[in-house]
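**Q** Below is the structure I would like to discuss, written out as structure tokens.
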Amino acid sequence: MAPGSPETPQLRRLLAAAGYRLSDNDHGLLAWRFEDRRGILIVAPGVPLAEAAAELPADAAHRTLLLSAELGEEARALASELGVELLVPDTLGSALGELLFLPPGPALAEPTPSSEPLEPPVAVLPTGDSVVRPRLGREEAEQIAGTAGTHLTLRLIPFYVAAYRVRAPATRRGPGEVREELVAVNALSGRPTVWNPGQRELVAEIPPPFQRLDSAITEAVARARAEEFLRRRHTVGLDHTEQHEGALVVERRRVPPGPGDLRIGPFALLHVPFWYIEGAEGRVILDAVTGARGEPEPRESEPNA
């Protein structure tokens, strides 16, 4: 079933009539259909299986390789690990209906160049304020911690914060939802999280006493960790159908947002207040805004005045 074989021109016509977009490259003939996110590659002779699988779109819900001959159990085991379906001339006939006909349900309209692109969101700090105002005072912090602290310190922990906009991978049920939230990266530990917009009030400064800590990572590192975190957070599960020896197997595949489906705006360096409470049972650390317990950095940091 390699490109150039007698069967290929007929199969090319069938795929084109079924709504696939066709393109030829060194790895074979690639067919892609947006409506059900199905990718098919008619593999050229001599192309390793792993390289052929890499040519299929990363966000495809159904990934199929058409080979000219059976490669054996080892190849099928590798294909299973790669999340692709293997078909050869002997098994193509029984699978052709599934490859050509759209499943029942509403189909998606493929995005056009005029579709609204995802632009980076606006900056978080239009006024320049850079300190999050604490909501919990000393007595409230002790009450939440459940211990009378022998020593309480309010520390301002640096966070890189940005607005982001993401469009989830589309499914047959409709286009992916567009969401906009805030991502915050702890500038000491590098640990990212998502903030609820409007939960934290920004001010220019807060009354002393407090200790302000400096950032331990660069903005570039924070952006890279935020993007990795957000792609995992907004990965969705899509059904992936494969045929193995005549049996139809449906697997759940994890599909991350596409290259253009995540946009992160400019980062601002904010300082977030945390209460450090030293008591008889050790240290308790509280977010001075939400009251949540947690260690805001992986190791002891020396405070800066």
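**Q** Can you name the strands (runs of 3 or more DSSP E) wholly within the stretch 213-305 that have at least 3 residues being at pLDDT 90 or above and touching a helix residue (DSSP H, G or I) at 6+ places or on another chain (Cβ under 9 Å)? Even if it seems obvious, please write down each step before you answer.
**A** Working: elements: 236-244, 247-255, 262-264, 268-279, 282-287.
No strands (runs of 3 or more DSSP E) qualify here.
**Q** Still on this model: Restricting to the stretch 13-66, count the residues that are in contact with a strand residue (DSSP E or B) (Cβ under 7 Å, 6 or more places away or on another chain) and part of a helix (DSSP H, G or I).
**A** 5
**Q** For GLY46, are the conditions met, namely being out of contact with any helix residue (DSSP H, G or I) (no Cβ under 8 Å at 6 or more places or on another chain) and on the phi > 0 side of the Ramachandran plot? Before the answer, list the steps.
**A** Working: out of contact with any helix residue (DSSP H, G or I) (no Cβ under 8 Å at 6 or more places or on another chain): yes; on the phi > 0 side of the Ramachandran plot: yes.
Taking the combined requirement at face value, the residue satisfies it.
**Q** Next question. Within the stretch 41-67, which residues are at pLDDT 85 or above, in contact with a Pro (Cβ under 9 Å, 6 or more places away or on another chain) and surrounded by 15 or more Cβ atoms within 10 Å (Cβ to Cβ)?
**A** Listed by number, the residues that qualify are ILE42, VAL43, ALA44, ARG63, LEU66, LEU67.
Residues checked against (1) closer than 22 Å to PRO259 by Cβ; (2) in the same structural domain as GLY19 (by TED's automatic domain parsing); (3) among the hydrophobic types (A, V, I, L, M, F, W, C):
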| site | (1), (2), (3) |
| --- | --- |
| ILE40 | yes, yes, yes |
| GLU55 | yes, yes, no |
| ALA79 | no, yes, yes |
| LEU86 | no, yes, yes |
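The values are calculated or read from the model by the stated rules, or taken from the named source; none is laboratory data. Owing to the predicted nature of the structure, the values given are computational and were not obtained by experimental measurement. In this analysis, Cβ positions are derived from the backbone assuming ideal geometry, glycine residues included, and neighbour counts consider all displayed protein chains.
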